[in-house]
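Coordinate-derived values only; no laboratory data. The shown structure was predicted, so the numbers you read here are calculated from the model rather than taken from an experiment. Here Cβ is always computed from backbone atoms with ideal geometry, including for glycine, and neighbour counts include all displayed protein chains.
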Amino acid sequence: MLRTASMFVILIVVVGFVTIVYGIAFRSERIVQPIAFNHVVHLDGAGMQCIECHMDAETGVSAGLPGKRICYDCHDIDDEANTHPEKDKLFAFDEQDMDIPWQRVAITRPDVYFSHRRHVTSGKLECTECHRDQPTLLTPPSTARLVMPMDACIQCHKKSGVSSDCLACHR
């Protein structure tokens, strides 16, 4: 009887964990970003690098989402007001003394520790090795999604001679 109860509790915990992970990874809730940022225009058209906007990628756990001040390094309200609706949205955040309220769409599983600094600086990985579709996006993704499946991470770790021990990434 005790064994059956223990097995039932374990089953409930496992089902709950799987439900949470899949709920986060595959939620179909539509996300609308405050600005329809076009990666193609910025990466190909302007010749920018990911690190110019995602400035914490070299030094932090998270790559960070760019604030309006980063945008103003290139965009000038006096020269560009009323030239494009998305630029006007950017300028409106400044007028309201607000930063851009981006919503995160690139996620990792809740039990995974991932450091951008470790992969970008130490591992010398290009952003597109994990974020393969970003350079082709004309608008932001409309749903949150896992960036990489675990088997892709393991393959890369093995190819690079990096630990594939579960505890190296899973907490």
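Got a sec? How would M55, M150 order by Cβ neighbour count within 10 Å, fewest to most?
Values: M55 15, M150 12.
Going from least to most buried by this count: M150, M55.
List the equivalent ellipsoid semi-axes of the range 80-153 in whole Å, largest first, each obtained as the square root of 5λ for an eigenvalue λ of the Cα gyration tensor.
Details: eigenvalues 189, 40, 37 Å².
Calculated on Cα positions only, the semi-axes equal 31, 14, 14 Å.
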Seminar exercise, completed: Distance in nm between E29 and M48 label points, each 7 Å along Cα→Cβ, equals 2.7
For this session: Compute the length gained on full extension between T4 and L125: take 0.36 nm times their separation in residues and subtract their Cα-Cα distance, giving the result in nm to one decimal.
Result: 38.8 nm
Exercise. What nm value, rounded to one decimal, do you get for the distance between Y72 and Q96 when each label is placed 7 Å out toward the C-beta?
Worked result: 1.6
Problem set entry | Neighbour-count order for T108, T4, T136, fewest beta carbons within 10 angstrom listed first | T4, T136, T108
Exercise. Relative contact order of the range 71-171: what whole-number percent is it, with Cα pairs under 8 angstrom and at least 6 residues apart?
Worked result: 28
For this session: Quick one: Debye curve from the alpha-carbon atoms of the range 44-87 only, equal weights, vacuum; give me log10 I(q)/I(0) at q = 0.14, 0.31 Å⁻¹ to two decimals.
Result: -0.41, -1.12
Exercise. Given a Förster distance of 25 angstrom, what is the FRET efficiency for S142 paired with A168, based on the Cβ-Cβ distance and rounded to 0.05?
Worked result: 0.15
For this session: Please report, in Å, the Rg and the Dmax of the range 35-125, where both are computed over Cα atoms only.
Result: 15.0, 46
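Give me E52, E126 sorted ascending by neighbouring Cβ count inside 10 Å, so fewest comes first.
Details: E52 15, E126 11.
In increasing order of surrounding Cβ atoms, one gets E126, E52.
How much length is gained if the chain between A152 and R117 is pulled fully straight, taking 0.36 nm per residue apart and subtracting their Cα-Cα distance, in nm to one decimal? Walk me through the intermediate numbers first.
Values: separation 35, 0.36 × 35 = 12.60 nm, distance 1.88 nm.
Extra length from A152 to R117 when fully extended: 10.7 nm.
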Seminar exercise, completed: D56 and V41 label points (each 7 Å along its Cα→Cβ direction) are spaced in nm at 2.6
